[in-house]
């Protein structure tokens, strides 16, 4: 049985929800201020911040493992281990914020990911204590055990990101199925003022949902699937968030600036995918942005 199959089976174990649900409630209670959650989601960055922060503990601990091979560089290894321990705190907070807003399967697997990280962190803290007490041999054993667990946990995190699309833009995924020609979305006068409307594009004969918002003479068009988890933005609403006109997802309340798609409020960290828009003979036309088209 492949590792992929094992991880997918774990993600299917619904009985884990008895533990996942109270942990999720606790995380949401601790990270209650929206500004804090947005910072941890990476809304300000336009990209989930957890993978960025995770490079520090993973990188320092791996480097420490190399330096520990030589007695002359073990003091430097100890400094790197301490750096990784300190960096694990904001990394864990960002991971917990993202985890709390994910699909059930991601949350189940994420619980294992987090548990392994907690044990690895404990082993590294124990390694630091042993080194300071002069028990260098024990310190080495604990740190390499921690590195093994952290490496395994990183593999699970990669599965969550790439196989389960945790943190990936579901909007961009939908864009890849859409044709590259201009799409006639109908007369501008048929669009409701200040409310999202559902229109469709064509993807090899299958409709792709688009969301259209008219504000006076301005029209914004986005892929209909929210970048966070693919929620139906055309069922959302338009409201002011942070002084900007935003389209709000009905699933998790992510808010996207209507003038460009930037995430203004999380849990979305990635912008919403906009389409180019023009009007012709009173009709609204839209097509994918140039980065999705060849030539």
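Values quoted throughout were computed directly from the atomic coordinates according to the rules given, and no laboratory measurement underlies them. Everything numeric in this text was worked out from a predicted model, so none of it was measured. FYI the Cβ positions are ideal-geometry reconstructions off the backbone, even for glycines, and counts take in every protein chain you see.
Quick rundown of the values:
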{"read-out": "Full-stretch length increase - residue 23, residue 10 - with 0.36 nm per residue and alpha-carbon distance subtracted", "value": "2.9 nm"}
{"read-out": "Residue order, fewest to most surrounding Cβ atoms within 10 angstrom, among 21, 169", "value": "21, 169"}
{"read-out": "Residue-averaged [θ]222 nm for the chain, counting only DSSP H segments that reach four residues, each worth -39500 (n - 2.57)", "value": "-15500 deg cm²/dmol"}
{"read-out": "Cα gyration tensor shape for the range 7-63, rounded if a/c is under 1.5, else prolate or oblate", "value": "oblate"}
{"read-out": "Residue 133-residue 155 FRET efficiency (beta carbon distance; Förster radius 35 Å; 0.05 resolution)", "value": "0.60"}
{"read-out": "FRET efficiency estimate (nearest 0.05) - Cβ-Cβ, residue 294 to residue 184, R0 25 angstrom", "value": "0.65"}
{"read-out": "For the range 155-201 versus the range 46-61, the gap between their alpha-carbon centres in whole angstrom", "value": "27 Å"}
{"read-out": "Rg/Rg_globular for the range 140-278, with Rg_globular taken as 2.2 N^0.38 Å and Rg from C-alpha atoms", "value": "1.31"}
{"read-out": "Neighbour-count order for 70, 109, fewest beta carbons within 10 angstrom listed first", "value": "70, 109"}
{"read-out": "At 1.306 mPa s and 10 °C, Stokes diffusion of the range 66-195 via Kirkwood alpha-carbon radius, µm² per second", "value": "88 µm²/s"}
{"read-out": "By average C-beta atoms within 10 angstrom, highest first, the peptides 256-263, 226-233, 133-140, 79-86", "value": "226-233, 256-263, 79-86, 133-140"}
{"read-out": "254, 161, 206 arranged by Cβ crowding within 10 Å, fewest neighbours leading", "value": "206, 161, 254"}
{"read-out": "Matching label, Rg and Dmax of the Cα atoms in Å computed from the structure shown, candidates (i) 21.0, 65; (ii) 23.9, 98; (iii) 23.2, 81", "value": "(iii)"}
{"read-out": "Extension gain from residue 240 to residue 55, taking 0.36 nm per residue of separation minus the Cα-Cα distance", "value": "63.1 nm"}
{"read-out": "Virtual spin-label span in nm between residue 30 and residue 177, 7 Å along Cα→Cβ", "value": "3.7 nm"}
